[in-house]
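What follows is calculated from the coordinates using simple rules that are stated; it is not laboratory data. All values reported here derive from a predicted model rather than from experimental measurement. Reconstructed Cβ throughout: ideal geometry from the backbone, glycine too, with neighbour counts over all protein chains shown.
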Amino acid sequence: MDMQALLQQAQQMQQQLMEAQQQLDEAKVEGTSGGGLVKVTVNGRGSVEDITIDPQTIDAEDAGETAQTVADMVLAAIRDAESSVEELQQEKMGPLAEGLGGGMPGGMPGGGGMPGLPGF
């Protein structure tokens, strides 16, 4: 095996990984619940960046019930966004995981893998 070619391939894969991570950092994904009454925006890494609650959601006459309903809807919207983020991450990072695995069980030769990146 040509070590120079192997090193060049590793450098290309590292560049592709950095580009995919940058795209995930810049991506915005929205999750909703309650028919759009609650919206959550997360980045491609899954960090919540914004939560919007439609004022129609609030029932001033039943604050306790409304608080629980809003909490449930926020949680549902976050879960919806997380699902979308997982799909986005698989789209961006999946091909790189296949490339690192090279068809070998356990990933890179020597069982290396990449810490902090599931599937690598």
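Distance between the 7 Å Cα→Cβ label points at Leu7 and Thr41: 4.5 nm. Note on Asp72 and Gln90: their simple-model spin labels are 2.9 nm apart, each label 7 Å out from Cα toward Cβ.
Rounded to whole numbers, the Karplus 3J(HN,Hα) couplings from phi for segment 17-28 are 5, 5, 5, 5, 5, 5, 4, 5, 4, 8, 6, 10 Hz, using 6.51 cos²θ - 1.76 cosθ + 1.60 with θ = phi - 60°, and x at Gly and Pro.
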